[in-house]
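*Asks:* Quick one: the structure is below, and I'll ask about it shortly.
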Amino acid sequence: MLVVATASARGVPPKRRHVITSTSGSRFFGWKLLILLCVSLSCVLVLAALFSLHSSYLSDADSSNHFKVTRSTVSRTFHGPPKIAFLFLVRQNIPLDFLWHVFFKNGNVAKFSIYVHSAPGFVLDESTTRSSFFYRTQISNAIQVSWGESSMIQAERLLLAAALDDPANQRFVLLSDSCVPLYNFSYVYNYVMVSQRSFVDSFLDVKDGRYNPKMSPKIPRERWRKGSQWFTVVRSHAEVIVDDDVIFPVFNRHCKRRPPIDNRKGKLNLKLQKQHNCIPDEHYVQTLLAMHDLEGQLERRTLTYTLWNQSTTKMENKGWHPITFSYANASPQRIKEMKGINHVYYETEFRTEWCRANLTSVPCFLFARKFSKGAAMRLLSDEVVGHFQVSAMLDTPP
């Protein structure tokens, strides 16, 4: 901005005001004005470039922030015993709440916390669950979850973030709405707490169908892992999962489930079926921890038993799916067999994982899925998870 100060403004008589009247003076003034205009134009162009760059940066930042899970900064100090945070990732209610009620009732309330991710807006209270342990345990920032999409692992991260707000929570166990405990609370607590390692099913995925080359270089092929989504992690690893704003966006963009065949789409199905069939929840935690060089701090196995239907017919039509245990096939003998498993073999790595906790041989599994209500009732009647009163189960369920 060009400012001309008048003589009167400075207390100088008007006759002493300097005015350029000569031809050379006019030429000098013209050059000065031209230079000023050029400088101004250059500033405008520079500012425009900076604005464009800033806008691009903000756009990238917003994209990154979209995937961040916020958690409050809390002190790591706490009073009382360390706790296990039981994280239930469910569709809506908890159908096996009656079994878990007995499990928690026979435990120490000072040694556990419960967090539930359910459908947004759903409330666990006296009208929706028969167990008071689940009252108002659902997290407030729940999202809509779809199987085979990144929303599944985002829900896991939200559960972990909520549980991390309590510094007493030192272990974090992810469970589904069809999971059951195979032991009483005391056994589960001692098993999990004695180990300083996380339990994460993780192995090399050598097939080409899941890994998308577009993930490189942020996720190199040699760090790509696969495994069960049902994990038990220590606090430091839970923090790594929640604080991640690098790997999750890559999964959200490039790890997608292949759409099912739709006869209405005709030849388009051929193109769609060539896409990578990536199931995010079977890769994310495993790959993330591998990227952070944390595999040496893991027991590379899950604590949740699953029996897979591996029939050829099922594989051709739908792929492998877990078998649901009913009352009939949840016999004491079957439960004993589950609890007797002491190793897991990983074919892609020619690795036998002998089940240990703090270098001591232990049964591999503390939980199992998928169990029907009938199968859960049989576990109660056999007092697998602890003593219970039959009269307490006679109330009409919500």
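Only the coordinates and a few stated rules stand behind these numbers; no lab work does. The structure presented is a predicted model; accordingly, all values stated were derived computationally and were not measured. Cβ: placed from backbone, ideal geometry, glycine included. Neighbour counts: every protein chain shown.
*Asks:* Would you calculate the separation in nanometres between label points at residue 307 and residue 126, each defined as 7 Å from the Cα along the Cα-to-beta-carbon direction?
*Replies:* 4.0
*Asks:* Now, a different point. If R0 is 41 Å, what FRET efficiency do you get for residue 196 and residue 216 from their C-beta distance, rounded to 0.05?
*Replies:* So, using R0 = 41 Å, E works out to roughly 0.80.
*Asks:* What is the distance, in nm, between label points placed 7 Å from the Cα along the Cα-to-Cβ direction at residue 92 and at residue 337?
*Replies:* 3.5
*Asks:* Return the distance in nm (one decimal) between the two label points of a simple spin-label model at residue 323 and residue 381, each offset 7 Å from Cα along Cα→Cβ.
*Replies:* 2.0
*Asks:* Calculate one ³J(HN,Hα) per residue across the stretch 235-249 by plugging θ = phi - 60° into the Karplus curve 6.51 cos²θ - 1.76 cosθ + 1.60, and present them in order as whole Hz with x for glycine and proline.
*Replies:* 4, 4, 6, 4, 5, 4, 5, 6, 7, 5, 10, 10, 6, 4, x
*Asks:* Too long at a 24 Å Cα-Cα cut-off: which of 83/218; 207/256; 111/373?
*Replies:* Violating the 24 Å limit, Cα to Cα: 83/218; 111/373.
*Asks:* Using amide H atoms built in the peptide plane, which far-off residues or other-chain residues are under 5 Å from residue 278 H to H?
*Replies:* Amide H to amide H, under 5 Å and 5 or more residues apart or across chains, residue 278 pairs with 256, 257, 258.
*Asks:* In the stretch 67-304, what is the volume of the convex hull around the alpha carbon atoms, normalised per residue and reported in Å³?
*Replies:* 138
*Asks:* When DSSP assigns beta bridges and you keep just the ones with both residues in the stretch 67-304, what percent turn out antiparallel, to the nearest 5?
*Replies:* Of the beta bridges lying entirely in the stretch 67-304, close to 25 percent run antiparallel.
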